[in-house]
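**Q** Handing you this structure, nothing more for now.
The values are calculated or read from the model by the stated rules, or taken from the named source; none is laboratory data. In this text, all values refer to a predicted model and were calculated from it rather than measured experimentally. Methodologically, a virtual Cβ is constructed for each residue, glycine included, from the backbone with ideal geometry; neighbour enumeration extends over all protein chains shown.
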Amino acid sequence: MKRIDPRTLIWWAASAFSVVLALACAVLLALPPPGFAWQERIIAAVLLFLLGLGSASLAAHEHRQKEHYRRLSEKLGSVYEKVQATFEGMKRAERLSALGQLSAGLAHEIRNPLASISGAAAILRRNRNLDPKQARCVDIIANECHRLDGLLTSFLNFARPRAPRFQTVELAAVLESALALADHGVHGKTIHFDKQVEPELPPVECDPEQLEQVLLNLMLNAIEASPDGETVTLSASACDGRITIRVIDRGHGVAPAHVDRLFDPFFTTKEHGTGLGLPVAHQIMRQMGGSLQAHGNPDRGMTFSVILPAKR
Ligand code: ADP
Ligand code: MG
């Protein structure tokens with residue numbers, strides 16, 4: 001059975017008591033009991049009225065207290081969420097720092113010979129005397145070098161992200177441009193885009209290029225997870241000095257066993273995925289003083305929330 005809060009009980013009792021006293025006051029004035037002089041009636045009515053007033057003010061006080069505690073508990077809830085997110089971030093950063101430094105150095109070292117291989121392939125490709133088989137081999141070398149270079153760039157962005165270049169940004173333009181870019185990422189299926197931006201959003205202090213990169217990554221993931229004909233929603237709203245941008249899809253969602261690994265580098269369930277999109281996005285948001293959170297929707301699909309402080 002639901003437990004009733006003692007404050008609610010006091011509030012109800014005090015309110016009921018003041019109503020009863022108000023009624024008693026009215027009855028006493030309208031239908032006095034026999035033998036009561038009019039002075040006694042007035043004194044009794046005034047006493048009852050004062051008692052009712054006291055009880056009503058107690059009820060109002062209890063009501064104010066209740067509201068105060070409710071707001072306090074909401075604030076505590078949001079502080080708890082922030083602490084939890086910071087703690088998770090710290091755990092992840094700790095796990096990655098040593099390994100990250102090592103592999104970032106390695107990635108950097110691989111890049112130079114890769115550039116030489118790619119350059120040599122380009123020189124070979126210019127040779128008109130290559131037979132088709134040789135030309136195909138040179139193309140494979142060039143394409144694979146290009147793919148590896150992309151992977152190394154993503155990885156180095158993650159391991160050594162550039163510092164954000166902060167500006168005061170009107171979000172509408174960034175969202176519009178992320179949507180336009182994401183539209184190019186829809187290959188061979190129909191995806192509808194729904195933009196829900198609260199009017200008069202306050203400006204934010206952020207790096208617009210990096211924010212666009214984060215949103216594009218989230219939108220591309222959402223598109224890839226969505227079945228043909230579904231809608232991907234991009235929404236933005238302001239609350240408590242923070243701006244929340246959400247990318248909501250109605251796709252296949254994330255298996256419960258994978259939820260904790262979403263932001264780990266190289267975690268991917270895609271055949272040609274890099275598993276670097278989300279960790280890079282997470283890292284960028286932390287550097288900008290914001291955060292990135294993932295939640296499964298109650299019915300279907302995922303919601304990724306980018307949270308930024310509004311400009312003070
Ligand atoms: P990649 O896209 O290269 O796989 P990401 O870091 O962008 O790397 O994503 C990691 C994994 O997280 C994806 O492989 C996928 O399993 C999961 N994921 C990310 N976004 C979504 C989404 N919107 N819906 C379902 N799964 C997702
Ligand atoms: Mg991705």
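**Q** Does Gln287 qualify as being surrounded by fewer than 16 Cβ atoms within 10 Å (Cβ to Cβ) and under 14 Å from Val214 (Cα atoms)?
**A** Against the criterion (surrounded by fewer than 16 Cβ atoms within 10 Å (Cβ to Cβ) and under 14 Å from Val214 (Cα atoms)), Gln287 qualifies.
**Q** Here are the criteria: (1) at pLDDT 80 or above; (2) under 30 Å from Arg242 (Cβ atoms). Tell me which single one Ala85 does not satisfy.
**A** (1)
**Q** Right, another one. So which residues in the range 222-251 are more than 16 Å from ligand 1 (Cβ to nearest atom) and within 20 Å of Gln287 (Cβ to Cβ)?
**A** Gly241, Arg242, Ile243, Thr244
**Q** Further question on the same structure: For the range 267-274, indicate whether the set of residues that are of a type in the set (Phe, Trp, Tyr) and within 13 Å of ligand 2 (Cβ to nearest atom) is non-empty.
**A** Scanning the range 267-274, I find at least one residue that is of a type in the set (Phe, Trp, Tyr) and within 13 Å of ligand 2 (Cβ to nearest atom), so the answer is yes.
**Q** Here are Tyr80, Tyr69: which of them is in contact with a Lys or Arg (Cβ under 8 Å, 6 or more places away or on another chain) and of a type in the set (Phe, Trp, Tyr)?
**A** The unique qualifying residue is Tyr69.
**Q** From the list Ala257, Ala238, which one is away from ligand 2 (no atom under 14 Å from the Cβ), more than 16 Å from the chain's Cα centre (by Cα) and surrounded by fewer than 17 Cβ atoms within 10 Å (Cβ to Cβ)?
**A** Exactly one of Ala257, Ala238 is away from ligand 2 (no atom under 14 Å from the Cβ), more than 16 Å from the chain's Cα centre (by Cα) and surrounded by fewer than 17 Cβ atoms within 10 Å (Cβ to Cβ), namely Ala257.
**Q** Which residues, taken from the range 99-144, are out of contact with any Cys (no Cβ under 9 Å at 6 or more places or on another chain), in contact (Cβ under 8 Å) with a residue 24 or more places away in the chain and hydroxyl-bearing (Ser, Thr, Tyr)?
**A** Ser103
**Q** Same structure, new question: Residue check: is Thr303 surrounded by fewer than 21 Cβ atoms within 10 Å (Cβ to Cβ), within 13 Å of ligand 2 (Cβ to nearest atom), within 21 Å of Ala225 (Cβ to Cβ) and among the β-branched types (Val, Ile, Thr)?
**A** For Thr303, the condition - surrounded by fewer than 21 Cβ atoms within 10 Å (Cβ to Cβ), within 13 Å of ligand 2 (Cβ to nearest atom), within 21 Å of Ala225 (Cβ to Cβ) and among the β-branched types (Val, Ile, Thr) - is not met.
**Q** Taking Met219 as meeting all but one of (1) within 16 Å of ligand 1 (Cβ to nearest atom); (2) modelled with pLDDT under 95, write down the number of the exception.
**A** In the conditions (1) within 16 Å of ligand 1 (Cβ to nearest atom); (2) modelled with pLDDT under 95, Met219 misses (2) alone.
**Q** Sticking with this one: Mind checking which residues of the range 211-233 are buried (at least 21 other Cβ atoms within 10 Å of the Cβ) and away from ligand 2 (no atom under 16 Å from the Cβ)?
**A** Selection gives Leu211 alone.
**Q** Kindly indicate whether any position in the range 252-259 is more than 8 Å from ligand 1 (Cβ to nearest atom), part of a loop (DSSP other than H, G, I, E, B) and either of a type in the set (A, V, I, L, M) or touching a residue at least 40 places away in the same chain (Cβ under 8 Å) (or both).
**A** Checking the range 252-259: at least one residue is more than 8 Å from ligand 1 (Cβ to nearest atom), part of a loop (DSSP other than H, G, I, E, B) and either of a type in the set (A, V, I, L, M) or touching a residue at least 40 places away in the same chain (Cβ under 8 Å) (or both).
**Q** Got at least one residue in the range 119-133 being under 40 Å from the mean Cα position of the chain (by Cα), assigned to a helix (DSSP H, G or I) and surrounded by 12 or more Cβ atoms within 10 Å (Cβ to Cβ)?
**A** Scanning the range 119-133 turns up no residue that is under 40 Å from the mean Cα position of the chain (by Cα), assigned to a helix (DSSP H, G or I) and surrounded by 12 or more Cβ atoms within 10 Å (Cβ to Cβ).
**Q** Any residue in the range 145-166 that is of a type in the set (S, T, N, Q), in the same structural domain as Leu106 (by TED's automatic domain parsing) and either free of Cβ contacts under 8 Å to residues at least 40 places away in the same chain or assigned to a strand (DSSP E or B) (or both)?
**A** yes
**Q** Another question about this same structure. Of the residues His295, His282, which single one is touching a strand residue (DSSP E or B) at 6+ places or on another chain (Cβ under 8 Å), within 16 Å of ligand 2 (Cβ to nearest atom) and within 24 Å of Glu81 (Cβ to Cβ)?
**A** Residue meeting the stated conditions: His282.
**Q** Further, regarding this structure: Output yes when any residue across the range 140-156 is β-branched (Val, Ile, Thr), at pLDDT below 90 and under 21 Å from Ser103 (Cβ atoms), and no when none is.
**A** The answer is yes, given that some residue of the range 140-156 is β-branched (Val, Ile, Thr), at pLDDT below 90 and under 21 Å from Ser103 (Cβ atoms).
**Q** Separate question: Search the range 204-223 for residues that are without any contact (Cβ under 8 Å) to a residue 40 or more places away in the chain and pair each with any residue that is within 16 Å of ligand 1 (Cβ to nearest atom) and not basic (Lys, Arg) when their beta-carbon atoms are under 7 Å apart and the residues are at least 6 apart or on different chains.
**A** Close Cβ pairs (under 7 Å, with a partner that is within 16 Å of ligand 1 (Cβ to nearest atom) and not basic (Lys, Arg)) amount to Glu212/Ala178; Leu216/Ala178; Leu216/Leu181; Leu216/Ala182.
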